[in-house]
1. Under 5 Å between amide hydrogens, which residues at least 5 positions from residue 79 or on another chain qualify, with H placed 1.01 Å from N in the peptide plane?
2. Name the long-range amide H neighbours of residue 122: under 5 Å, sequence gap of 5 or more, or other chain; modelled H, no Pro or chain starts.
3. Quick one: order 83, 42 by neighbouring beta-carbon count within 10 Å, fewest to most.
4. Under a point spin-label approximation (7 Å from Cα along Cα-to-Cβ), what is the residue 237-residue 271 distance to one decimal in nm?
5. Where does each of 41, 263 land when they are ranked from fewest to most other beta-carbon atoms within 10 angstrom?
6. For the residue pair residue 36 and residue 120, what label-to-label distance in nm results when each label sits 7 Å from Cα along the Cα-to-beta-carbon direction?
Amino acid sequence: MSNKSLVKCVVSRAETPLTHYSRFNIGSFSSGQGITVGNSLRRTLLEFKKNIAITLVKVKIYNAPGINAIVPIHEFSDLVGFRELTSDIFLNLQEIVLKTLHYDNFISSYGLLKVDGPSRITSQNLKLPHNINVVDIDQYIGTLVLNYSCNMLFIIESNSIFFQLRNFWQKLDDREACSYYKFYSGKLSPSMLHKLNLNYEEFFECWNINNSTIGLLALNPNFSVIKKVNYAVEEIDSGQSVNELVILEIWTNGSFEPENIILQACLSLSNIYNNLLLSFK
């Protein structure tokens, strides 16, 4: 049997916008190998966290046009004009599922939420770079019930960069953090911000409110792509021998193609065993 025919997707469907189901037939394998393959793939898949998410947010609330009253926000303040608590707004933001086709080259990027109330705000209102999309445009963020305007500027990071920088950025004040990300990503330019319908001066006006950490808030996003994994092993009697077929079921949040996830899991396992082989050379 060719290697290509070892993995076959037999079912793939979206049960909800954020729950995608796929079933794969993997094999066949010699008797006794099925459970080894199935269990190792399941454990590796459950640890798959190659994703991007909103990690830092800066907020300003100001009154309707003609009234210049900027209100900087911190995590314990009230979001003026919003129906929800501040904590609920940021919990909703960190649950937004994003996807990019260029994850391997992704470091960090920026986005904008700019809304005039009254308005019901969902992920559809996010202004994102061309290489980033939301998986579900109806993910709820909050409701602005008064005639206020809300600007949210946020940083999007990959999980690997997020964990590397989390301890570092917390030691910086607001101006230092903004300058650091400008230097680090190389993407803070007038042309990039123009694509988000935001001019350069307005961006830094929001980021530098009070020149302090007030308003610069760290989220704790969930980078997990896999929701659940099941597997079963079935025997295949060819008449001459009994082989085993692994039936693998995967539920994801829709941010990665299931075939790509299995490929990444296989590469991860391959790297582990290759390192073991090298130790004998």
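1. 86
2. Amide H neighbours of residue 122: 141.
3. Details: 83 14, 42 19.
The order, fewest Cβ neighbours first, is 83, 42.
4. Rounded to a tenth, the inter-label distance reads 4.3 nm.
5. Numbers: 41 22, 263 12.
With the sparsest Cβ surroundings first, the list reads 263, 41.
6. Between residue 36 and residue 120, the label points sit 5.5 nm apart.
We did not get these values from a lab; they are worked out from the coordinates using the rules stated. Since this is a predicted model, take the numbers as computed values, not measurements. Cβ atoms come from the backbone with ideal geometry, glycine included; neighbour counts cover every protein chain shown.
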